[in-house]
1. When you scan the stretch A:20-29, do you find a residue that is more than 13 Å from every other protein chain (Cβ to nearest Cβ), free of Cβ contacts under 8 Å to residues at least 40 places away in the same chain, part of a loop (DSSP other than H, G, I, E, B) and more than 17 Å from A:Leu163 (Cβ to Cβ), even just one?
2. Mind telling me which of the residues B:Gly24, B:Gly33, B:Gly77, B:Gly43 ends up being under 24 Å from B:Arg235 (Cβ atoms) and surrounded by fewer than 19 Cβ atoms within 10 Å (Cβ to Cβ)?
3. For the stretch A:107-124, give me each residue that is small (Gly, Ala, Ser) and surrounded by 16 or more Cβ atoms within 10 Å (Cβ to Cβ).
4. Inside the stretch A:95-107, can you point out the residues that are more than 7 Å from every other protein chain (Cβ to nearest Cβ) and either at pLDDT below 90 or not in a loop (DSSP other than H, G, I, E, B) (or both)?
5. So which strands (runs of 3 or more DSSP E) stay within the stretch A:144-242 end to end and still have 3 or more residues that are of a type outside the set (S, T, N, Q) and within 28 Å of A:Ser102 (Cβ to Cβ)?
6. Out of all the residues in the stretch A:66-83, is one or more at pLDDT 90 or above, closer than 30 Å to A:Arg201 by Cβ and part of a loop (DSSP other than H, G, I, E, B)?
7. So which of A:Glu166, A:Glu197, A:Glu239 ends up being at positive phi, at pLDDT below 90 and in contact with a strand residue (DSSP E or B) (Cβ under 8 Å, 6 or more places away or on another chain)?
8. May I ask you to verify whether B:Ser471 is in contact with a Leu (Cβ under 9 Å, 6 or more places away or on another chain) and either surrounded by fewer than 17 Cβ atoms within 10 Å (Cβ to Cβ) or hydroxyl-bearing (Ser, Thr, Tyr) (or both)?
Amino acid sequence: MTAPVVTAALELRGVNAGYGRVQVLYDINLVLPPRGVVALLGPNGAGKSTLLRVASGRTVPSSGQVLLRGNDVTGRSPERLARVGLCSVPEGRGVFPNLTVSDNLRMWTFRPGVRRKDVEETAYGRFPRLAERRRQLAGRLSGGEQQMLAMSRALTADPDVLLLDEISMGLAPVVVAELFALVRQIADDGTPVLLVEQFARTALEVADEVAVLSQGRIRLHGAPDQVRDGVLATYLHAEGSA
Amino acid sequence: MDTFLALTVTGLVTGCLYALTASGLVVTYTTSGIFNFAHGAIGMLAAFSYWELTASQGMPGLPALLLTVLVISPLVGAVIERLLVRRLGTASLEVTLTVTVGLLLLLIGIANTIWDPATPHRVQAFFLGDEVTVAGVVLTAHQLVIVATATAVAISLWAFLHWSRTGVALRAVVDDRELAALTGASPTRVGQLGWALGAGLAGLAGVLLASQVSLDATTMTLLVVNGYAAAVLGRLTNLPLTFVGGLLLGLCQAWAVGYLTLDFISQIQPVIPMLFLFVALVLSPQARLRVAQTAPLRAPSVPGARRTLLATGSFLVVAALAAVAMPLSRMGDATHGMAVALILLSLVPLVGYGGMVSLSQLTFAGIGAVALAKVGGGPEGLLAAIAVPAAVGLLVALPTMRLRGLHLALATLAFGYAMDDAFFSNATVMTDSLGLPVPRPLGLDDPRGYFFLVCGAFAVCAFGVLALRRSTLGRRLVALGDSPAGCSTLGMRVRRTKLGVFAMSAGMAGLGGALLGGQQGAVGSADFGLLLSLTLLLLAVVWGVRTVSGVLIAALLLEAAPLLQDHISGVGSVVPLLVGLGAIGLGKHQNGIVGSVVAATRRRRAVPNLPQPRTEPPIREEVLTSAQS
């Protein structure tokens, strides 16, 4: 899909990965273009989170390559990847619950060049609620506020690639809509986003491209309109068996 | 009023030392999740290094202090983190505990090798001779230094953790290790920093303490056990509370010494930190039940009833043959070995099956021996030797049952430490300075007959332990080790099961101790020392505490070590070193040597039968379609 001249923001090439003897991902090829939102959909246990773990360096693939802006970063530690601009918000817990809001923001400054003052200005400017609660423990915030705090990392760290794992989990629909609007805005500002979602409908609206993962393989890939009908079928494992 | 002030001041000074040690412990525990039982040993090492620099090399006090506290100790901590802690990862409590206890023994062994324990090492106090009078209380300058240092450390530690980015990262790693990595903070480097910091604090406390006590590797290492109580009051994570705990403990001790009658005090004083710890345990909030072990481990296979019966029978035949054929001169050692094996066997249901760790099993053995001595050699004496330690075990374990396994280990350690001083060295208990005479149970004075009795007791207990493992209770125990939360959702009475097994194990150890005492004819304080308890536990774990054969081999080898020493000089001092090293190597072979060997032979036999590795994911479509039709 990608034109050969443009380097992909993030690319997985022939990735096989798993935990111990259990293989989860089989021969994954996925390209995140330099702009836009790619949504990764799939049923429970399809391997979505594992794919994000591989992309963020938390799980080392048993074979295959991970490329960040064309550079092979396979096997790099997550902290090194984070320092060079890969921002990954893990599933359901993108904040440190026993640290105060301002301590959390302090943690967003580990990427070289990111200053504490700028982080606080941006975060508190975008989410005034966080400014009111800066001395509170992050774990005491509401789910929506926690997710705002987590997303403030994506806003302030000026990442080259943003990986989001099920940010809508357990949140009220209003908050989810707000979050996805924010994701869209971040993408429009030029940061490529890889979004993992279990609930297809919301993700299909915000995404530019959709990949559907099932049983550790990418079964479908294309524009939201192209794959919309195939998504449900893939969720039910009906494809290919007939 | 003056006495009160004076007592308060000395209490505060001691409390400052406790607070320093305990805070170091908390820093390492929170950053790496591993409770460092070798914390005191690091402080001890620092104290000896300080002695080496000042008394031996003639360096002045201040640079030596700075070098020890800022360079040597943190380096030791960082190296330990790099070589040991990092490999442990998410190992079970039983493994992390044995590795750090192994480290403790190793460091004591190293210190005793470098600095001959026979020659006294003295360290001068800071500003020796200088005194200050505050509100009518005379303070030595050294005491002032202690208070000033502790205050400075408390403040700067707090400021570091809250104001610097690295400090925030330290707390962040405690909170969510993975997320910390995703923000770009390196959890491994932070963990290393935590260990360096903790070791530095241990070193500081060690050096400050060095001039106050006689410099002895074991004493100094175990002194820290007192500090554990302060850390537990701070729930092992809260630094300010830990500091308060240290000060309170120091005060309690000082007031107790001053106000309780003198005669009584000499006996009760060592028990105060233990009482303090138990109060802190009772005050601790209920721990969350663990859901499941992170690293599943294949347990050794359990022999069936027929194999157990066969093995027990053949063991008894061999024992009978040995009882007849063995030369009388070796009989004592062999009996001793079998009694130790029985004590080690008591660890199998507790540590091996239940995943609970007792660090003072020999203390229970000692109580058994004393009970036998007091009641007499008849059957009622044997019964007391089982029942009394079991009852005491219940009391020790009771306050920790709401909490995690680590707290049980801490409680047993404090108990063993207190009993060392207050009970086994107590003139009213032991009556005779040469030790308390223990009769041979059932009047079996013939050494061959007695040997067979001990073997028989071991065989019966081993049979019972294996039968227990096959029973429902045994499965419950193993399930408890796997997932306490799962067990309690199934309606199992988690605490009752744990308490019962702990009491049973203590009773078995008591029987072993009584038989041991009968063999020796008398027991003294040296027989049931805490350090020996730790060595035995490690030996059992290294050889395989999940298997009966593992602990039997461990006990027999322990007995053989002194025999070896007759032939090769110097083996005796090497044994603790080897045990320490072995325990440290445990990270990989968690079923012990016997378990690993058995597994290896099994695997070789089983290789041809292994299914071919799947290249395709398991197909679920069939299941789906068949369910639909």
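The values are calculated or read from the model by the stated rules, or taken from the named source; none is laboratory data. Because the structure is a prediction, the values reported are computed rather than measured. Note that each Cβ is placed from the backbone with ideal geometry, even for glycine, and that neighbours are counted across all protein chains shown.
1. No, the stretch A:20-29 contains no residue that is more than 13 Å from every other protein chain (Cβ to nearest Cβ), free of Cβ contacts under 8 Å to residues at least 40 places away in the same chain, part of a loop (DSSP other than H, G, I, E, B) and more than 17 Å from A:Leu163 (Cβ to Cβ).
2. B:Gly33
3. The answer is A:Ala123, and nothing else.
4. A:Thr100, A:Val101, A:Ser102, A:Asn104, A:Leu105 - these are the residues of the stretch A:95-107 that are more than 7 Å from every other protein chain (Cβ to nearest Cβ) and either at pLDDT below 90 or not in a loop (DSSP other than H, G, I, E, B) (or both).
5. A:161-165
6. no
7. A:Glu166 is the lone residue from the list that is at positive phi, at pLDDT below 90 and in contact with a strand residue (DSSP E or B) (Cβ under 8 Å, 6 or more places away or on another chain).
8. no
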